[in-house]
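Let me begin by presenting the structure, written as structure tokens, before commenting on it.
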Amino acid sequence: MIHPTPRLRFAPSPTGPLHLGGARTAMYNWALARSLGGAFVLRIEDTDRARSTDESLQIILAGLAWLGIDWDEGPEFTAGGRSFGGGDFGPYFQMQRLDRYAALVEQLLASGHAYKCYCTPEELAELRAEQKAAKSSFIGYDGRHRDLTAEQRAEKEAQGIQPNIRFRMPDDEVVRVHDLIRGDVEVNTKQLDDWVMVRPGGVPLYNFACVVDDIDMKITHVVRGEEHFLNGVKQRLLFEALGHECPQYAHIPLILNPKGGKLSKRDPGVKSTLEYRDLGYPAAAVFNYIALLGWGFSADRDVFTRDEMVAAFQIGSVGKAGAKFDVDKLHWMCGEYIRTWSLDDFLTASRGHVEPLLADGAWDANAGFLRNALALFQERVQLLSELPDKLRWLFEDPALDAAAQKNLGKHADAPQWLAAYADLLEGMDLPPSFGGDRAAFDTAVRLPSPEDDAPAAAGALTPNQLGDATRALIAELGIKFGQFVHPVRAALTGTNKGPGFFDCVWLLGKDAAVRRLRAHGRA
RNA sequence: GUCCCGUUCGUCUAGCCUGGCCUAGGACCCUAGAUUUUCAUUCUAGUAACAGGGGUUCAAAUCCCCUACGGGAUACCA
């Protein structure tokens, strides 16, 4: 037999945002498809009319695109100049495939694999309650309408009851399923009831639509959450009833909250994927981190690229145990990725977070300044959303935090030092503060690299020259470097942490620096 | 209740299939130190695990059984 082209799918229902667990399921499907050289299909399971929304759909598509999980077939979508979707096996929305489901229902009804059931939701709830009360080992539909006569059905219809359609399961049969992750598992159909394929009115339910679509879309492998494990058994029997081979199944464990429990609304891992984007998590870092939740790249490497993952990915090596979501490691990973970026990439990514601090047009008007400023923070953030708080002191006089207050009050002479420093700076060719004309200073300077410490315009002061002058003053005052620097930094930046002292002064610029020193100083 | 799956450092995991190379490896976190004007980065070192109990075997983290605990399923949701 010829091996069919591998075809995998991710089939979300647009009833909410794409959380990280869903993204990981999509990713494993995607990675397996890519590693096998097959196709990755995105199918939208929108048969739950009450809860499906177009907004959720857009969020899901944008979330996948952001993570770089691109789909070959499915809804059309364009992001970042790339288009996704299309394909010859559509439609890819289940609500556009109702004719197809209807045709197969007729076939199954005719062959006896399916039958009409007239039970109402109330009746079924009552049945379940009775079973529970009687401590029955089986809880579920008891097959009471399995073999209704034509007369009985006519009677129900006459009462105006619209039937649902159920799949007839074997009563007592051991079904052996092979799972790519769990291995061979045996399930007795005694545990499974005759499940509903189609709602009254004709809209199909998950297990039925899913199988029809997997057949029509020629799906060869299904990777999904372990909550679908038993659905796999039901689906396998339906595939057989329809005369088709069942795809290979792989059921992956769920992501757990840090306590080891089920993920609930408030847990970090259930945030929408787009929230991570908006908070300045690098997409590649999020991708990398969630890949690690249940799968390992190698014994001694945690950081890897998409391509490396595809090359190394094997579905069988996904773990069977649920993984807890660890924000610390995610954040560490984000910092790792940000530090690998070029300064230009960092600037581009930072813009959306920093620009709100500035007046309209100020980002472009102060490109050189911002480049120098941001360069100092690339290795000091894990998320881009940390940037505004870390940069605010450059644009407005800061309130002193507790540590800064302490530093400022540590030595009785500190106010004199501040005043002396203000005098010194006032007489120097220091750059003007943000918003001023800094062209002579800011051109192409990247502060952390001494070799770049060369302003374009002759005569403009560099951070290193500022440092020489400052050290001379400190010597004159007869104090230690540390004694001087801590209170001054506090007065200037409002905090005791941050980039190198001279870089801070140089970047802050003359007018703001002098103003703040005078505010806290005394001659 | 019943059925299915799982359980290696606090966390993610390597090792388990094909017992011996495991005095159990890596990473995050934490701690200490080095570097630095602070913070961050970087580097070095350290703490820390085979859920418990039986068995099989010359030998078990690795194979078998039981217990405990955790997760999943048991919908006219997906």
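The values are calculated or read from the model by the stated rules, or taken from the named source; none is laboratory data. A quick note: this is a predicted structure, and the numbers were derived from the prediction, not measured. Backbone-built Cβ (ideal geometry, glycine too); neighbour counts: all protein chains shown. Heavy atoms of the whole protein, side chains included, go into the accessibility calculation; ligands, DNA and RNA do not. Shrake-Rupley method; radii C 1.70, N 1.55, O 1.52, S 1.80 Å.
Directionally averaged projected area (the range A:279-408, Cα convex hull): 10.9 nm². Dividing the alpha-carbon radius of gyration of the range A:342-523 by the rule-of-thumb value 2.2 N^0.38 Å gives 1.00. Here chain A carries DSSP beta bridges of which approximately 55% are antiparallel, counting only pairs with both residues inside. Over chain A, accessible surface divided per residue gives 46 Å², non-protein components excluded, 1.4 Å probe. Within the same chain, lysines fewer than 8 places from A:Lys135 are excluded, and of the rest, those with a Cα less than 24 Å from its Cα are A:Lys190.
Sequence-ordered 3J(HN,Hα) estimates for the range A:277-285 from the Karplus curve with 6.51, -1.76 and 1.60 and θ = phi - 60° stand at 4, 5, 8, x, 7, x, 4, 5, 6 Hz, glycine and proline given as x.
Whole-Hz Karplus values for the range A:373-381 come out as 5, 5, 4, 6, 10, 4, 9, 10, 10 Hz, taken residue by residue from phi with 6.51 cos²θ - 1.76 cosθ + 1.60 and θ = phi - 60°; glycine and proline positions read x.
A P(r) calculated from all alpha carbon pairs of the range A:176-293, with 5 Å bins opening at zero, reads 2, 9, 16, 17, 16, 14, 13, 9, 4, 1, 0 percent. The trypsin sites (Lys or Arg not before Pro) of the range A:473-523 meeting both criteria, a DSSP state outside H, G, I, E and B (loop) and at most 15 other C-beta atoms within 10 angstrom of the site's C-beta, are A:Lys480, A:Lys497, A:Arg522.
Checked against a 31 Å cut-off, the cross-linked pairs A:Lys262/A:Lys390; A:Lys218/A:Lys320; A:Lys329/A:Lys406; A:Lys132/A:Lys262; A:Lys329/A:Lys390 give Cα-Cα distances beyond that limit for A:Lys262/A:Lys390; A:Lys329/A:Lys406. Beta bridges per DSSP, both residues in the range A:109-258: antiparallel share near 70 percent. Put simply, the Cα atoms of chain A extend 107, 53, 44 Å along their principal axes, the longest span coming first. Ordering A:Glu122, A:Glu336, A:Glu396 by accessible surface, largest first, gives A:Glu122, A:Glu396, A:Glu336; the 1.4 Å probe counts only protein heavy atoms, with every chain in place. Here the accessible area of chain A is 50 percent carbon and sulfur, with a 1.4 angstrom probe and all protein chains present. Put simply, the Cα atoms of the range A:97-252 extend 47, 41, 22 Å along their principal axes, the longest span coming first. Computed from the C-beta positions of A:Glu126 and A:Ala102, the FRET efficiency with R₀ = 41 Å rounds to 0.85.
Among A:460-466, A:62-68, sorting by the average number of other beta carbon atoms lying within 10 angstrom of each residue, highest first, gives A:62-68, A:460-466. When the charge dipole of the range A:342-523 is built from unit charges on Cβ atoms (+1 for Lys and Arg, -1 for Asp and Glu) and taken about the Cα centre, the candidate among A:Leu400, A:Thr470, A:Leu384 whose Cα reaches farthest toward its positive end is A:Leu400.
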